[in-house]
Each structure stands twice: as C-alpha cells, then as structure tokens.
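I have placed the structure first, in the form of structure tokens, so that the comments after it can refer back to it.
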Amino acid sequence: MSLTEVQHQDAALRRIQLALSRDRVPHAYLFHGPEGVGKEKVARGLAQLLLCSEPTERKQSIDESDVVGLEQVRESCGRCEDCQLVAAETHPDFHLIYRQLHRDHPDADVRKRKGLELGVDVLRHFVIDKVGLTPLRGRAKLFVIRSADDMTVQAQNALLKTLEEPPGTTFIILLVSALDRLLPTTLSRCQLVRFDGLPGAFIRDKLHELRPTLSRERIEWCARCGEGSLGRALEYADDELFELHQRLNESLTRLGDGHSDALVKAWTDEANALGERCRKHEPDITDAEATRRGLATVFQLAAGWYGEVLRNYANNAQFKEAETVAASINRLAEAQRQLDLNANTQLIVETLVGDLAGSAAV
C-alpha cells in the first residue's frame, strides 16, 4: 500500500509528506476521523514507506500538492522484500495491535477474557515490552494500534511513557474515531492528523466496483447512509440493511392500525438476526450485547424513516404533523440511551413501539 494510492485525504497526506520531506516524522501519530475513511490505509502506507529498503522520490508540482515549497513526494518502492513483507503482514518490525490479540497472549488468564476493550495486558505484551528491542531488519519498528479509543484508562496510562519517549527507531500510530474517549495526557503526547469524510460520488463508485451486483437504488441508499464512510457503506451493503430498511418502512406505515404486537416481535427478531451477524465478526461479545447492537441498528433505521417523513412535512408546511414526527425521533433517541444504560431490551422495545403507535394514532 503506497501513500499515494489513498484518495480524498489530501490534508492528512499533506501533513505527513511535509514531515517526511523535513525528516521530522513524529514518533507518535494519532489519526482521527470517521471509521472507514482510510486511516488504516494511510497508517499501513506510512509503515511500508518507513520500512522500505528502496524508497523513492518523485517531483510534484506545487499545483498538484497545493503546498508551497514541497517539491518531492516520498513513496515506498512496493517491490523490495520489506514492502512485500509489510503487504503480507509478516514483516517482523510491523505490528498491528487490536483488541482480539488477547487470544494470543501467553497468559492463560488473559486468553480467557472477553476482548471487548483494548486492555493493559495486550498493550504491555505486544507494544510496551517490544518497543525497546532492536529492529530485526535494521530500519525501524512500526506499531499501528487499531481502534485506540477502545483502550482502557489503565492501558492508556501504561502507554504514556512509551508515547512520550519511544526509542529513535520506533513509530507508533493510533487510529481513533472518538477523540473524547482518550485521556488528555494521551492526546498531548501525539501529533494529531484529521481524516475527513469521503465524497458521496467516490463512495458510490467504489460500491459499484466492489459490490457489482448491487442495484443502483441500493448503492444510492448505502452511500447516503454511509455519511462519508466507505467502510460503513460496505457494511450496510453486506448486512443487507437496505432490505431491512424496506421492511421497517412498511411496518412503520401500518403502526397506527393495531400492529404494535407484531412490530415488537418483528423488531426483536430483526435485532437478533443482526446480533448473530455481529457475533460472526466479534465472537467474544455476549448474546445480550449482540442483541443491543442489533436493536441500535433497527432504531437508527427507524429514525431515518421518520427523518424522511419529517422533511416531507416541513417542505409542505405541515408543521403540526412535523412536530409529532420530531417527537417520535426524540423517543427513538431516548430508547437508544436506555440501550446504552443496559436496560432490559424487551421492555425497551415494547414501551417504544407503544409510544410510537400512540403518536401515529394522533
């Protein structure tokens, strides 16, 4: 993966290339922005470049780079043994860190735990204890911490000294989607690079390229729901959420006709099915957590339907009806907050559907 292959993250790439051109690459980067916009691709590209044994430079015009004084762009060669090893994820000096590494921890007690957070035991064994070791291939050591905002407070505190004073040949890149989940002391020890959402046209083109069997209607819907995230749009496509969206729309239009009990069962069944898909990706999560994630998706899609209805009422100056719909959206948001507080899921759904049905009957 070359840095120049990443699209629509010009500002982030500009900052990185400027640091490279000055030979002042910070030893602790924090890439932040929405999921699925290219943060990990850039991290892998930078890792490959820093480990490449035959890096190249090419001249780039000021108009192309939009940076005054930047005349060279550095790239990995993509051909040397180091580049090939990074691409295959077998380079001994490239370390990708993620929650599920607890399964490979030497301590049996750690392996038995659920990998719902990025804990201190994983950080100590796979990062902190390894940063001081000499690079096996002599150039540098790269640690890319995926979903670093999943680090526990204890893990963040343990990592502080490593972030502040890493060995000269060590580079650490934290990938984050929620900055507010990190301690101020963690943020202060990293150079932050912001990643923006991707253009809708780009997401639609990539969906057509990567999922060629999708209809145009599905592509348009997934791209819109992705809200600038190609990763999220792909998840919507792969999880067949457009079909769920259509089923929810049909059930919500009949909500005021005495179908409340059927809707409670339908939403519960849909949430359980979505939960099973979550468990395939994250087998460590509990059944209850899987169901909660499924319900969160159902609530999100239902809120989207109400949002479309609200826009139609507002555009037609039907303000009384719009006020009722806005109240339903707020009720869905309240149900999501109850989910986050681990309230009883069945009670949440039954109460929510009853309230929505009552509003629909008004």
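The values are calculated or read from the model by the stated rules, or taken from the named source; none is laboratory data. Bear in mind the structure is a predicted one, so any value in this text is a computation, not a measurement. Neighbour counts run over all protein chains shown; Cβ positions are idealised from the backbone, glycine included. Side chains included, ligands, DNA and RNA excluded: accessible areas come from the protein's heavy atoms. Shrake-Rupley method; radii C 1.70, N 1.55, O 1.52, S 1.80 Å.
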| said: With both bridge residues required to lie in the stretch 1-146, what share of the DSSP beta bridges run antiparallel, to the nearest 5%? | reply: 50 percent
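Give the range of the longest stretch in the chain that excludes all trypsin sites (Lys or Arg not before Pro) found in loop regions by DSSP and having at most 16 other beta-carbon atoms within 10 Å.
Numbers: sites that count: Arg22, Arg24, Arg79, Arg113, Lys114, Lys130, Arg137, Arg139, Arg254.
Longest run free of exposed loop sites: 140-253.
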| task | Measure off 7 Å from each Cα along the Cα-to-Cβ vector at Glu217 and Arg79, then give the distance between these two points in nanometres to one decimal. | result | 5.0 nm
| remark: Relative contact order in percent for the chain (Cα pairs under 8 Å, 6+ apart) equals 16 percent
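Add +1 for every Lys or Arg and -1 for every Asp or Glu among the other residues with Cβ under 11 Å from the Cβ of Gln338, and state the total.
Values: positive: Arg292, Arg331, Arg337; negative: Glu334, Asp340.
Value of the local net charge: +1.
As an exercise, use a Förster radius of 41 Å and the Cβ-Cβ distance of Arg277 and Asp23 to find the FRET efficiency, rounded to the nearest 0.05. Each step should come with its number before you reach the end.
Numbers: r = 46 Å, r/R0 = 1.13.
Efficiency, rounded to the nearest 0.05: 0.35.
Please report, as a whole percent, how much of the solvent-accessible surface of the chain comes from carbon and sulfur atoms (probe radius 1.4 Å). Mind dumping the intermediate values first?
Details: 8840 of 18550 Å².
So the carbon and sulfur contribution to the accessible surface is 48 percent.
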| field | Which labelled figure in (i) 71, 55, 38; (ii) 93, 50, 45; (iii) 74, 42, 34 is Cα extents along the principal axes in Å, once derived from the coordinates | value | (i)
| field | Residues in the stretch 103-119 reached by a label modelled at Leu183 [backbone nitrogen below 19 Å; 7 Å Cα→Cβ] | value | 117-119
| Distance from the stretch 145-203 to the stretch 265-295 (C-alpha centre basis), Å | 29 Å
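Given +1 on the Cβ of Lys and Arg, -1 on the Cβ of Asp and Glu, and no further charges, what dipole in debye does the chain carry about its Cα centre, rounded to the nearest 20?
On the way: 46 positive and 55 negative charges, 159 e Å.
Using only the charged Cβ atoms, the result is roughly 760 debye.
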| Taking springs between alpha-carbon atoms closer than 10 angstrom, which of Gln84, Gln300, Gln346 fluctuates most in the Gaussian network model of the chain? | Gln346
| field | Beta bridges per DSSP with both ends in the chain, % antiparallel, nearest 5 | value | 15 percent
| task | Check cross-link reach from Lys280 to the lysines: straight Cα distance under 29 Å, and skip same-chain residues fewer than eight apart. | result | Lys39, Lys41, Lys112, Lys114, Lys206, Lys265
| note | Once normalised by the length of the stretch 200-256, the mean sequence separation of its alpha carbon contacts under 8 Å that are 6 or more apart gives a contact order in percent of 29 percent
| If you add up the charges near Phe94, with Lys and Arg at +1 and Asp and Glu at -1, over every other residue whose beta carbon is less than 12 angstrom from its beta carbon, what do you get? | +2
| request: Identify the residues of the stretch 142-164 with backbone N under 14 Å of a label point that sits 7 angstrom from the Cα of Gln100 along the Cα-to-Cβ direction, or state none. | output: 146-147
| field | Relative contact order of the stretch 260-362, defined on C-alpha pairs under 8 angstrom at six or more residues apart (%) | value | 28 percent
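Once the Cβ-Cβ distance between Lys130 and Arg14 is put in as r, and R0 is 35 Å, what FRET efficiency do you end up with, to the nearest 0.05? Mind showing how you got there, number by number?
Details: r = 31 Å, r/R0 = 0.89.
Efficiency, from the Cβ-Cβ distance: 0.65.
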| Among rounded, prolate and oblate, which fits the stretch 197-284 when a ≥ b ≥ c are the square roots of the eigenvalues of its C-alpha gyration tensor, a/c under 1.5 means rounded, and a/b larger than b/c means prolate? | oblate
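With r defined as the distance between the Cβ atoms of Gln346 and Thr56 and R0 fixed at 45 Å, what FRET efficiency is calculated, to the nearest 0.05?
Details: r = 60 Å, r/R0 = 1.33.
Given R0 = 45 Å and the Cβ-Cβ separation, E is 0.15.
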| query | Per residue, what accessible area does the chain have, given a 1.4 Å probe and all protein chains present, in Å²? | reply | 51 Å²
